[in-house]
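These notes are about the structure you will find just below.
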Amino acid sequence: MKHTLLIKAVLCAAILLTSTGANASNKDFKKLAKIDGVEHVHIGKFLLNLAAKNGGSVDLGENMSFVGKSGDILKKIDTIDIYTSEEKKTIEQLSQHVRSILDGNGWEPLINATDEDGEKVKIYQNQKGKYTTVIIFTEEDGEASLIVIDGKLDMAQMMEQMSKED
């Protein structure tokens with residue numbers, strides 16, 4: 001997937017603006033894995049803790065990485081789910097499902113951006129108690145990607161870590 005500077009800037013801004021705490025139900029997102037043409041990767045708490053303990057990292061593409069040695073950030077993330085597609089019909093279905101999930105249901109839009117190449121980025125959060133769910137949805141010609149991050153997130157720490165990766 002072609003990543004632009006816009007995605008990195010938008011992602012950094014969203015993390016900076018997002019407050020700590022919250023958890024939205026991931027049940028609606030689980031349905032996305034059943035769409036033909038959608039690839040799904042689930043990273044659970046055990047692997048995230050193992051990476052944190054061993055100073056490893058979890059890479060979510062060129063523009064986002066969580067590194068265990070940067071503190072306890074990985075320990076604060078409960079799960080990461082990544083949904084991707086490269087099929088036009090499936091991208092349309094994925095986009096429609098994501099929009100229907102995000103309409104209402106306590107989702108707060110943080111960023112909706114489109115760059116000069118037509119790449120779209122949507123970043124939303126949902127908070128409940130001490131838990132946060134943050135989603136990052138990108139769409140461009142021939143590809144779509146959705147990242148769902150759940151946990152007791154410290155956005156300032158996430159922002160600091162991402163700035164060290166640059």
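Between residue 35 and residue 113, the FRET efficiency estimated from the beta carbon spacing at R0 = 22 angstrom works out to 0.35. Only protein heavy atoms count here; under a 1.4 Å probe, residue 138 has an accessible surface of about 10 Å². Shown is the FRET efficiency for residue 152 and residue 47, computed with R0 = 25 Å from the Cβ-Cβ distance and rounded to the nearest 0.05: 0.90.
The values are calculated or read from the model by the stated rules, or taken from the named source; none is laboratory data. From a predicted model like this one, the values you see are computed outputs, not experimental measurements. With ideal geometry, Cβ positions are generated from the backbone for all residues, glycine too; neighbour counts draw on all protein chains shown. For accessibility, only protein heavy atoms count, side chains too; no ligands or nucleic acids. Shrake-Rupley method; radii C 1.70, N 1.55, O 1.52, S 1.80 Å.
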